Amino acid sequence: MTTPPFKGVFVTQYRIGIFPIGNTRHMQQEQIRVRLTSAARRLVDIGGARVSADAVAQAAALPPRAIHQTYGGFDELLYELLGQLYGEARDRALRLTANMPAGRSRLKLAVDGYLHALFERPGLQALALQLRSHPRAIADYRRHQHGLTLMLEIELQGLNWSQPAATAQLCASAIEGIAAAEAAAGRRLPELRDSLYRYFDAPP
Amino acid sequence: MNARLRQQLFDHAEALATQLRYEELSIARLCELGGVLPNVFCAEFPDVLSYLSALQQHFLGEIRSRVIKVTDGAPLGLLRIRLASESYLAYCHEHMHVRDWLVAARRHPQIERGLQQQNHSYALVLGSEFEAIGRTDTFSAAHLYVGMLNEVANREHRARAKQPALREALWHFLEHVGTADAPASPQRQRS
């Protein structure tokens, strides 16, 4: 192998029949990442976002320095977790509607699937709330909201909605508002959801 | 601090905020630029957060007064809600630098609470307006509308300019939310 696969790791030989040494290290790093984010997720889901680095390391059965070595800092781990949770919610909405024809039903189902996914991840809102004044979390949130907005915009375009992009921006913000209200109430709020779904039945 | 000085600090807040970024806020700088003695300032506001909290209440109070004035005599209906919304957006735009401070200060629970209370009371007022014009789901519709109105304000704030497409989308929502008798959530439709 001529090129080291990872910075600082020069691979000169293969372990017989398995992986390059560099890949093994990479896999170990990946496993550590997964253990740390899984532990953080469990703790955040149970006890909210006020979780400490030590508690996460302990729950992952790793020394506290593992967080710094892997992420560079505890906040970075939390950012990654937040992005992961948002990504799962978006993927769920996409999976749920993958085989449906475009239209109002698909739009409503996608939004409903997304809201269900957010509600089932109580740690997400707590984390988003705690990190919301951090510049990186704000940037991540905007990126995430942009993804949701694009998804809505495509659906609204298909319905020949006037101002699909602007409507998608407002609806994405309404959806986040519903999710935050549901998290605060600790229950789903069907009246809020239905109010938005009924709007999707309006003439475009 | 007497009422006149307090008022002076609030009235000049926009001018102060153009000269002073949130990160630079301190009692010394506020007093220096506002022409108030630090001991006088501190007698009223023990710290910057107390000042910002009072400023937030002043800001929200001014918006309320303007909205009441603008909509005074306007007949109940969508036009009145739109007029109120436009006044709200215009005030936010005119005081964008104070709004910079207040947005940055949202990390403090008491500022966030002030905002939540304002949104809640807007939703209550708007809910009764919706009810009076025969809309359904009035509180939910109002809750969503207030959220969207704030989204327009935030995006215009970041862009430092009006966003006509967003306003059009907001008026469309206003025109149609709570008008359909129809359907329930996708789950119930499927079952």
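None of the figures in this text is laboratory data; all of them are computed from the coordinates on show. This one's a predicted model, so the numbers in the text were calculated from it and none came from an experiment. Cβ placement follows ideal geometry from the backbone for every residue including glycine, while neighbour counts extend to all protein chains displayed.
Of note:
- Across the stretch B:33-159, Cα pairs under 8 Å and at least six residues apart give a relative contact order of 24 percent.
- Tensor-based shape of the stretch A:103-204 (alpha-carbon gyration tensor, a/c under 1.5 rounded, otherwise prolate or oblate): oblate
- Ordered by the number of other Cβ atoms lying within 10 Å of each residue's own Cβ, fewest first, B:80, A:193 fall into the sequence B:80, A:193.
- Residue-span extension gain [residue A:134 to residue A:94] - 0.36 nm each, minus C-alpha spacing: 11.5 nm
- In order along the stretch B:145-157, phi translates into HN-Hα couplings of 5, 4, x, 5, 4, 5, 5, 4, 4, 5, 5, 5, 4 Hz, rounded to whole numbers, per the Karplus curve 6.51 cos²θ - 1.76 cosθ + 1.60 with θ = phi - 60° and x for Gly and Pro.
- Neighbourhood charge, 14 Å Cβ-Cβ cut-off, centred on residue A:102 and excluding it, Lys, Arg +1 and Asp, Glu -1: +1
- Each of B:148, A:100 was scored by other Cβ atoms within 10 Å of its Cβ. Listed from fewest to most, they are A:100, B:148.
- Full-extension gain in nm, residue A:180 to residue A:50, via 0.36 nm per residue minus C-alpha separation: 45.1 nm
- Residues in the stretch B:1-19 that a label on residue B:100 would reach, taking backbone N under 13 Å of a point 7 Å out along Cα→Cβ: B:14-19
- Helix content alone sets the calculated 222 nm mean residue ellipticity of chain B: runs of n ≥ 4 DSSP H residues at -39500 (n - 2.57) each, divided across all residues, give -24000 deg cm²/dmol.
- Kyte-Doolittle mean at least 0.0 and Cα axial length at least 24 Å: DSSP H helices in chain A: A:164-185
- Cα gyration tensor category, rounded, prolate or oblate, for the stretch B:68-139 with a/c compared to 1.5: oblate
- Global form of the protein assembly as shown, assessed from the alpha-carbon gyration tensor, a/c cut-off 1.5: oblate
- Here the label points at residue A:29 and residue A:160, each 7 Å from Cα along the C-beta direction, are separated by 5.3 nm in the simple model.
- Computed extension length for residue B:15-residue B:39: 6.5 nm, one decimal, from 0.36 nm per residue of separation with the Cα-Cα distance subtracted.
- Each stretch of four or more DSSP H residues adds -39500 (n - 2.57); spread over every residue of chain A, this sum gives -24000 deg cm²/dmol at 222 nm.
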